[in-house]
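Right, one structure below, let's go through it.
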Amino acid sequence: MVKLKSIIKAPAFVIALAGISACTTTGGMNSADSGQSLSPKAQLYADYISARYANNLNDAASRADYFTKAFAKRPSDLELGQKALAAAINTGDYTLARILATEVLTIDETNGSARAVLGVNALVRGNYEKSIAYLEYANAGIGVEIFNSLMRGWAQIGLGDTDAAILTFESMQGGKYFEFLGRLQKAIINMQEGDVEAVANSFAELEEIGLAPVETVLAQARGFMAKGEKNKALEKLNTYAEANGGALTGPVRFYIDAIGADKPVQWKLTPAQSASRALSEPAFRFFAAQQQYEPAETFLRLALELDPMNDKARLFLGTVLEEVERDEDALAQYERIAQYSPYTVSARLSEAEIHFGDDENDAGIKVLESIQASHPSRVTQSSLGRAYLIMEDYEQALPYYEALITDMSEDERKENTTVNYLRGICLERLGRWEEAVVDFEFVLKHKPDNADALNYLGYTWVDKGVNLAKAFEMIEKAVELEPKSGAIIDSLGWAHYKLGRYNQARINLEDAAERSPTSATIIDHLGDVYWKLGRKKEAGYQWVRAVTLDPTDTELTTIKAKIKDGLIDAKAQ
């Protein structure tokens, strides 16, 4: 079997249950029909439970509303205040967050999260002394302290205290990654201060470590441009682009084009903007990467409060919201990334992916066609081709792969054989088999261990009943390369089936069905082999099951015929 796509969703983040006493009697919580209102204790509990339920529904706005109401009823409950504050931040309601932060500080004047919120507000307003005071005297866990340190250092730069800022960044805790971030901030400061030797050494070391390659090269480019050194900025950006496939879209390409066209760009960042970028990297690369989605969202929200135009943080935030299955919230973030942004292509691709995931194919195609028209590139062409391929509209997909292959050099095609592989699929599905074989053989000539190509060509030969010996060898090699793939094991079972080896086919197909239990093709094949083995009742059960698993139109017609008349009278058998 040939598998064209798979969708993986990460589980939603669940907030830990707070210790709050429940109403255990019926007297305080009467039914709505009685006309009696809830007691204060029962109302508190009702608000808290509503907040938890809203969290389970991924309703961020309601969660913030109910936690805030519960906190108002018990204003001395620090844990409840912290939940209300976190919920307000993660709803994007910064006004409410500042109010709650102030209230939390009346309970615990050293609370790190509350001080972070108020420190952000002061930093945005340019009140650097006040920001430092909030961010310095905080009793925070290591996570909050890391982010407070990043903001505090840039507030110290705003105040003109470079030595204090460098000391803050040199003292970053939390491990190697955060030490690297501190060194990156220090290198940016050295560039601003004009310390050429220190800058050269620092950035060379940071590039070698490679923990944040794009941000490292952008920081250097911004520094060079702020000093009017256009050629050095372009050299740095072009070197990165050449080493990374041309950097066809994204900020590096955006800045190369902007510098080349002498477009006005803000190269020198304010302390708040620098802090925003400093927060974005660890929020996503560290916390989100470890599936700690709630703190990742919190710090990305704070980064956007520091700089609402930080589209990298907005893109990261959208990705985090997708991971916790808040697709509508994610779409709202992507849609706020403007067409002229360095991150517009990534935002539009993410938008389209959400639409396709919700079976809104027309909306997804519309988004992709729009970005192809405004920002044409191989990336957008490939995305449109893949979208039509997954939608099984091979006639629409084919021109995009034809255009990509025409645009690529022979060396590029040899290195990136995926385009030929996908064009081969389109050609095969359109009945242009001889042309498809040329593409698959091109892939295997240059990438002989490409399990997908081995499987596709081998399976199709088996299905057509030609070149069976060679096809069998190719599928066996594919299984060796991908021994856990249900689709490839299905191909091996189908090869045995075509050769009349029904017992061995059954073993392979049962294995494939266990690995990929929602594949209509595999379940259909399993039904066929059961029929051949005389297990006709089980065969019928498998075919009925296959109908429920979203088979293609062609598969559906064939399966229904087998359900009605059995395998012997089914077409295409």
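Sequentially through the range 40-52, phi angles give Karplus couplings (6.51, -1.76, 1.60; θ = phi - 60°) of x, 5, 5, 5, 4, 5, 4, 5, 5, 5, 5, 5, 5 Hz, Gly and Pro residues having no value and appearing as x.
Between amide H atoms placed 1.01 Å from N, distances below 5 Å from Asn111 occur with Asn139, all of them 5 or more places distant or on a separate chain. With N as its number of residues, the range 501-573 has a Cα radius of gyration that, divided by 2.2 N^0.38 Å, comes to 0.98.
Each residue of the range 506-511 was assigned a 3J(HN,Hα) from its phi angle through the Karplus expression (A = 6.51, B = -1.76, C = 1.60, θ = phi - 60°), giving 4, 4, 5, 6, 5, 4 Hz with x at Gly and Pro. Ordering Asp407, Asp452, Asp262 by the number of other Cβ atoms within 10 Å of each residue's own Cβ, fewest first, gives Asp262, Asp407, Asp452. Taking 0.36 nm per residue of separation and subtracting the Cα-Cα distance, full extension of the segment from Glu229 to Ile209 would add 4.7 nm.
The Ser171 and Asp108 beta-carbon pair, evaluated with R₀ = 25 Å, returns a calculated FRET efficiency of approximately 0.55. Leaving out same-chain residues fewer than 8 places away, which lysines sit with a Cα under 19 Å from that of Lys232? Those lysines meeting the cut-off are Lys263, Lys268. Qualifying trypsin sites (Lys or Arg not before Pro) in the range 432-507, where qualification requires a DSSP coil assignment and no more than 11 other C-beta atoms within 10 Å, comprise Lys484.
Label sites at Leu38 and Thr548, each approximated as a point 7 angstrom past Cα along Cα to Cβ, lie 3.9 nm apart. A simple charge model with +1 on the Cβ of Lys and Arg, -1 on the Cβ of Asp and Glu and nothing else charged puts the dipole of the chain at about 780 debye relative to its Cα centre.
Calculate the all-directions average of the projected area of the range 377-448's alpha-carbon convex hull, and give it in nm².
On the way: hull surface 17.3 nm².
The orientation-averaged projected area of the Cα hull of the range 377-448 comes to 4.3 nm².
Partners of Lys366 within straight-line reach, counting lysines whose Cα lies under 26 Å from its Cα and excluding those fewer than 8 residues away in the same chain: Lys3, Lys5, Lys9, Lys312. All alpha carbon pair distances within the range 318-422 were sorted into 5 Å bins beginning at 0; the resulting P(r) in whole percents reads 2, 13, 21, 20, 18, 13, 8, 3, 0. Summed over qualifying helices (DSSP H, 4 residues or more, each -39500 (n - 2.57)) and divided by its residue number, the chain shows a 222 nm mean residue ellipticity of -22500 deg cm²/dmol.
Determine, from the Cβ-Cβ distance of Glu193 and Ser374 and an R0 of 41 Å, the FRET efficiency 1/(1 + (r/R0)^6), rounded to the nearest 0.05. Please list the in-between numbers first.
Values: r = 39 Å, r/R0 = 0.96.
FRET efficiency, Glu193 to Ser374: 0.55.
Between Ala61 and Glu395, what is 0.36 nm times their sequence separation minus the Cα-Cα distance? Round to one decimal in nm. So the extension gain works out to 115.9 nm. Spin-label model, Lys414 to Val466: label points 7 Å out along the Cα-to-beta-carbon direction sit 2.9 nm apart. The range 379-443 and the range 258-287 have Cα centres separated by 37 Å. Positive-end ranking of Ala338, Ser350, Tyr400 along the dipole of the chain, with charges on Cβ about the Cα centre, is headed by Ser350. Simple spin-label estimate for Ala164 and Leu533 gives 7.7 nm between the two label positions (7 Å along the Cα-to-Cβ direction from each Cα). At q = 0.10 Å⁻¹, what is the log10 ratio I(q)/I(0) for the chain, with the Debye formula run over Cα points and no solvent? Values, matching the q order: -0.99. In plain terms, the chain from Lys130 to Asp449 could stretch by 108.8 nm, reckoned as 0.36 nm per residue minus the Cα-Cα distance. As a proxy for reagent exposure, His446, His355 were ordered by neighbouring Cβ count within 10 angstrom, fewest first; the result is His446, His355.
With 10 Å bins beginning at zero, the pair-distance distribution over Cα atoms of the range 242-283 amounts to 23, 38, 36, 3 %.
Going from the fewest other Cβ atoms within 10 Å to the most, the residues Met191, Met474, Met408, Met151 appear in the order Met408, Met191, Met474, Met151.
Readers should treat all values here as calculations from the given coordinates under stated rules, not as data from a laboratory. Bear in mind that the values here come from a model prediction, so they are computed numbers and not experimental data. When we count neighbours, we look across all protein chains shown, and the Cβ atoms used for this are built from the backbone with ideal geometry, even at glycine.
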